[in-house]
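Student: There's a structure below that I have some questions on.
The values are calculated or read from the model by the stated rules, or taken from the named source; none is laboratory data. The structure presented is a predicted model; accordingly, all values stated were derived computationally and were not measured. Because the Cβ atoms are built from the backbone with ideal geometry, glycine has one as well, and the counts that use them run over all protein chains shown. The accessibility values were calculated without ligands, DNA or RNA, using every heavy atom of the protein model including side chains. Shrake-Rupley method; radii C 1.70, N 1.55, O 1.52, S 1.80 Å.
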Amino acid sequence: MECKEPKRLPGKQNYDYRWNLHIYRDKETRKPYWVINAEQGNPEHVRHFDIRNKDVPVPIDEWFKVEYFWKHHVTDGRFWLKINGVLVGDHKGRLSHPNGHNRTAYFHSFMKLYVGRGWFDNGNTARAWIDDVELRSEPPRGSQPGESEGG
């Protein structure tokens, strides 16, 4: 999953700020794990946060539920992710370019599948099935302290 703010500076990278959800593979154990991060692209590349969670399993060859929420804001932003109801990460703070423009996120790809070229060079395939998509303007119940999961 990836979301981007629009480009502002001519001749620079094609985004000013973006936040992402990734699945990486541990180099030693070869087990997949979750990564959530955000970064600015202009005027220089800066990673603002990087959450790596190796405790919540990445389901392989099975359906699983993905829930995420973001609030786009320069200082009071939020991005959280749950997999099968288990919290993977919850970032509170910057979720927009630091220069204060807080521009609308114009690119949101929740069905993105990136795989490195080496993956295919080794004869592997990559596929993802997505079903039952819901888009909401508010976070699901149970995402704030003191709220129950119901509803």
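Student: Starting from segment 113-136, take each residue that is part of a helix (DSSP H, G or I) and list its partners that are β-branched (Val, Ile, Thr), counting only C-beta distances under 9 angstrom and pairs at least six apart or across chains.
Tutor: From residues that are part of a helix (DSSP H, G or I), the pairs are TRP119/THR125.
Student: If you don't mind, another one. Just to be sure I understand, how many residues within segment 15-31 are part of a strand (DSSP E or B) and under 19 Å from PHE110 (Cα atoms)?
Tutor: First, pick out the residues of segment 15-31 that are part of a strand (DSSP E or B): 17-25.
Subsequent filtering for residues that are under 19 Å from PHE110 (Cα atoms) retains 17-24.
Total meeting the criteria: 8.
Student: Taking segment 67-87 as the search range and keeping residues that are β-branched (Val, Ile, Thr) and at pLDDT 90 or above, which one is nearest to the chain's Cα centre (by Cα)? Let's see the steps before the verdict.
Tutor: Taking segment 67-87 and keeping what is β-branched (Val, Ile, Thr), we get 74-75, 83, 86.
Subset that is at pLDDT 90 or above: 83, 86.
Numbers: ILE83: 12, VAL86: 15 Å.
Going through the qualifying residues, I end up with ILE83.
Student: Taking the conditions exactly as written (modelled with pLDDT of 75 or more and either of a type outside the set (Phe, Trp, Tyr) or open to solvent by 70 Å² or more (accessible area, probe 1.4 Å) (or both)), does ASN102 satisfy them or not?
Tutor: On the way: modelled with pLDDT of 75 or more: no; either of a type outside the set (Phe, Trp, Tyr) or open to solvent by 70 Å² or more (accessible area, probe 1.4 Å) (or both): yes.
No, not satisfied.
Student: Every residue in segment 42-85 that is closer than 15 Å to SER96 by Cα, in contact with a Phe, Trp or Tyr (Cβ under 7 Å, 6 or more places away or on another chain) and surrounded by fewer than 16 Cβ atoms within 10 Å (Cβ to Cβ), please.
Tutor: Answer for segment 42-85, where residues must be closer than 15 Å to SER96 by Cα, in contact with a Phe, Trp or Tyr (Cβ under 7 Å, 6 or more places away or on another chain) and surrounded by fewer than 16 Cβ atoms within 10 Å (Cβ to Cβ): just PHE69.
Student: Follow-up question, since we're still on this one. Which of the residues belonging to segment 8-29 are modelled with pLDDT under 85 and surrounded by 16 or more Cβ atoms within 10 Å (Cβ to Cβ)? Let's see the steps before the verdict.
Tutor: Filtering segment 8-29 down to residues modelled with pLDDT under 85 leaves 8-17.
Of everything in segment 8-29, those that are modelled with pLDDT under 85 and surrounded by 16 or more Cβ atoms within 10 Å (Cβ to Cβ) turn out to be ARG8, TYR15, ASP16, TYR17.
Student: Follow-up question, since we're still on this one. Tally time: how many residues in segment 40-80 are more than 16 Å from ARG18 (Cα to Cα), assigned to a strand (DSSP E or B) and hydrophobic (A, V, I, L, M, F, W, C)? Spell out the reasoning first.
Tutor: Going through segment 40-80, the residues more than 16 Å from ARG18 (Cα to Cα) turn out to be 52-67.
Among the residues that remain, those that are also assigned to a strand (DSSP E or B) are: 52-53, 66-67.
Now narrow it down to the ones that are hydrophobic (A, V, I, L, M, F, W, C): 66.
Residues in segment 40-80 being more than 16 Å from ARG18 (Cα to Cα), assigned to a strand (DSSP E or B) and hydrophobic (A, V, I, L, M, F, W, C): 1 in total.
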